[in-house]
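Undergrad: Have a look at this one.
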Amino acid sequence: MLLSAVILGLIQGLTEFIPVSSSGHLLFVEKLLGWDSSKLTFDVALHLGTIAALLAFFWRDWVGILRSFAGHLVRRVPYAEESESGVSGRLLVPIIVASVPVALVGARYGDVIEAMRTRPWMLPAVAALLVVVALVMLLAEVVGKRRREMAAMGYVDYLAIGFAQVLALFPGVSRSGITISAGLFRNLDRAAAARFSFLLSTPAVLGAGLMAMKDVYENGLPSGEWAAFAVGFLTAAVSGYVAIRFLMNYLQRGSLAVFAIYRFILAAGILLYALRF
């Protein structure tokens with residue numbers, strides 16, 4: 001149990017933020033090793049670890065956004081840019097608005113999508129989505145002019161990235177991969193696209209974590225699984241933080257192409273495994 005918690009936590013933390021699809025990796029590992037990452041213990045631990053990593057890395061951004069928004073609302077002062085990255089309170093409402101599509105679709109079809117995990121065609125479908133999104137990422141790198149910063153974003157940008165996030169509900173897509181690509185298509189530079197992608201993902205991941213916590217409140221965790229819960233949470237949180245730091249630094253100069261190539265290789269491996277049976 002502890003070994004599986006460590007491995008699943010590492011997979012979740014690293015692949016949730018790097019654009020290679022955490023759900024696709026977890027599903028493949030489940031089939032390969034016979035583990036169940038959707039089990040309540042792991043599901044809650046991995047979600048909470050992901051939230052912890054996001055908040056640990058972007059807490060200055062969120063403090064700046066909320067403080068700037070509160071100052072504008074209460075004192076009627078112009079929005080201030082208070083974080084190191086220059087974010088301001090003007091981002092709060094756009095992030096909320098852009099989060100609405102994934103919240104609505106997740107609430108309506110989340111259980112349906114989750115039930116698909118057990119279908120025999122799911123692994124080939126994950127492989128196909130890995131390839132399709134890899135091609136989208138490569139196209140975004142070619143088409144995107146990468147000349148706009150986050151301060152230049154408008155509601156067309158916010159909603160385009162928000163609707164792209166809906167696609168990440170399907171295993172094999174990757175939240176960061178599809179939303180960063182959407183930002184590139186809107187001519188954002190890579191760093192700006194990645195930062196807004198992660199800020200936008202925070203409400204969605206937090207919502208999923210709260211739903212998972214609701215299940216814990218209603219059903220509880222078996223007493224013997226608390227150690228696995230703690231290990232899974234810590235592993236996902238630490239590895240997630242490392243993954244975010246790596247990607248934010250890498251995208252200052254590097255492209256998404258290397259991750260697209262990895263997705264092609266992973267898709268081939270999944271198909272080879274699926275065709276064995």
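Read-outs: derived from the displayed coordinates by stated rules, not from any lab. Since the structure is predicted, the reported quantities are computational estimates derived from the model, not experimental observations. Don't worry about glycine lacking a Cβ; one is built from the backbone with ideal geometry, like all the others, and counts go over all protein chains shown.
Undergrad: Sorted by average packing, counted as other Cβ atoms within 10 angstrom per residue and highest first, what order do 234-240, 146-152 take?
TA: 234-240, 146-152
Undergrad: Under unit Cβ charges (Lys, Arg +1; Asp, Glu -1), what dipole magnitude, rounded to 20 debye, does the range 130-214 have relative to its Cα centre?
TA: Here the size comes out at about 80 debye.
Undergrad: Only helical DSSP H runs with n ≥ 4 go in: add -39500 (n - 2.57) per run for the chain, normalise by residue count and round the 222 nm mean residue ellipticity to 500 deg cm²/dmol.
TA: Here the helix-only value at 222 nm equals -26000 deg cm²/dmol.
Undergrad: Packing-wise, with mean Cβ within 10 Å as the measure, how do 100-109, 69-78, 53-62 rank, highest first?
TA: 53-62, 100-109, 69-78
Undergrad: Something else about it: I want to make sure I understand the PRE zone here: with the label point 7 angstrom from the Cα of residue 100 toward its beta carbon, which residues in the range 151-188 have backbone N atoms less than 14 Å away?
TA: Once the point is set 7 Å along Cα→Cβ of residue 100, 155-156, 158-160, 162-163 turn out to lie under 14 Å by backbone N, inside the range 151-188.
Undergrad: List residues of the range 130-174, by number, whose backbone nitrogen lies under 16 Å from a label position 7 Å along Cα→C-beta of residue 81.
TA: The answer is 147-154.
Undergrad: Over the range 1-109, how many percent of alpha carbon pairs lie in each 10 Å bin up to the one with the longest distance?
TA: 13, 30, 29, 19, 8, 1
Undergrad: Counting just the Cα atoms, what span does the chain cover along each of its three principal axes? Round to the nearest Å and put the largest first.
TA: For the chain, the Cα spread along each principal axis is 60, 45, 33 Å.
Undergrad: Moving to a separate point now. Magnitude of the Cβ-charge dipole of the chain, K/R +1 and D/E -1, about the Cα centre, nearest 20 debye?
TA: For this selection, approximately 720 debye.
Undergrad: Whole-Hz Karplus ³J(HN,Hα) for the range 179-188, in order, using 6.51 cos²θ - 1.76 cosθ + 1.60 and θ = phi - 60°, x for Gly and Pro?
TA: Each residue's phi maps through the Karplus curve to give 6, 5, 4, 4, x, 5, 4, 8, 6, 6 Hz.
Undergrad: Let me ask another. Along the positive direction of the dipole of the chain (beta-carbon charges: Lys, Arg +1; Asp, Glu -1; about the Cα centre), which of 73, 206, 100 reaches farthest?
TA: Of 73, 206, 100, it is 73.
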